[in-house]
Amino acid sequence: MSLKYVTITTGFENYMPKDYVDLVRFGQFGKEYDIQELGTFKELVEEHPMCAGCFMAYFIRVFYASLPNPEDTIVIGTAGCARLALSQAAVPFIYGNYGDTNAVASGLKRALKIRFPDKEKDVVVVAGDGGLMDIGFGMTMHSWFRRENFTTIMVDNEVYGNTGGQESGMTRKGIQLKMAPKGKKFDKINAIELAKDAGCVYVARVAPTNPKRLAKTIKRAILAARHFGPTFIHA
């Protein structure tokens, strides 16, 4: 990691917000922490409008704490619960149109390679099941077919939680929802097998109940994507 451009210009320390100063001095930039040290350093995401106690919010907290090089990372998201916290972090965030996150990531990763040929720039898509396996299915699959070098993380809550509770392709068969009062009629999409068949070089399913494994998996996926091809995490 490098602190060359994560610094405060001399003489400006007294004018910068305290949170910003603390982030530079006591944050993750230029340092490497173990996930067990959560709470002992200034984290990349702290305040957000997500529901209290939501496991998705905790997942995102662990995600940011696990980035190999946060100062060289760009996160891409879209409509959905996750973007409420993703957009509040001290890491560049791009809000893509619903369904086109992997297309945006493809172009961005290629552009960064041209602009910074001698520096690793990590691009990570974090979106929900609707954005990646329903509305964005084509964009997701074709980024894998093309062997694009970035990581896709699907935060799967098995429902369109922001728009009334519609069933998604990732909803389990038989689950009753507002828009499926008699239960979903078809099986849950097997995203893991699709990712394997489409050419992802690293595929994993994780849960925030095991934060140590979660952190290790996120790091592995991002590092593998740099050199070998697309990686996918089903969370």
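Derivation of every value follows stated rules applied to the coordinates shown; laboratory data play no part. If you're wondering where the values come from, they're calculated on a predicted model, not measured in any experiment. Counting neighbours? That spans all protein chains shown, and the Cβs are built from the backbone with ideal geometry, glycine included.
For LYS182, which lysines qualify as cross-link partners when the Cα separation must be under 21 Å and same-chain residues fewer than eight apart are set aside?
Partners found: LYS173.
State, in angstrom, two size descriptors of region 109-235 derived from its alpha carbons: Rg to one decimal place and Dmax to the nearest whole number.
15.9, 55
Between ARG110 and ASP197, with labels modelled 7 Å along Cα→Cβ, what's the label distance in nm to one decimal, could you check?
Distance between label points: 2.6 nm.
For HIS142 and THR163 in the same chain, what is the full-extension length gain: residue separation times 0.36 nm, less their Cα-Cα distance, in nm?
Here the answer is 4.9 nm.
Starting from a Cα-only point model with no solvent, please compute log10 I(q)/I(0) by Debye for region 53-99 at q = 0.17, 0.32 1/Å.
-0.48, -1.28
Run the numbers for ASN190 and LEU38: contour at 0.36 nm per residue of separation, minus the present Cα-Cα distance, in nm.
51.5 nm
Quick one: dipole size for the chain, taken about the Cα centre, charges +1 on Lys/Arg Cβ and -1 on Asp/Glu Cβ, in debye to the nearest 20.
Its charge dipole is roughly 580 debye.
If we count GluC sites (Glu not before Pro) as exposed when they sit in a DSSP loop and have at most 11 other beta carbons within 10 Å, what is the longest stretch of the chain that avoids them all?
The segment 48-235 is the longest one with no such site.
Express in % the proportion of alpha carbon pairs of the chain at distances exceeding 27 Å.
I get 34 percent for the Cα pairs in the chain exceeding 27 Å.
What aspartates and glutamates does LYS188 reach when the alpha-carbon gap must be under 14 Å and sequence neighbours fewer than 8 apart in one chain are set aside?
Qualifying aspartates and glutamates at Cα under 14 Å: ASP129, ASP134, ASP156, GLU158, GLU167.
Here is the link list: LYS196/LYS216; LYS178/LYS216; LYS42/LYS119. Which ones come out longer than 29 Å on Cα distance?
Over 29 Å Cα-Cα: LYS178/LYS216.
What is the magnitude of the charge dipole of region 64-150 about its Cα centre, with +1 placed on the Cβ of each Lys and Arg, -1 on the Cβ of each Asp and Glu, and no other charges, expressed in debye to the nearest 20?
280
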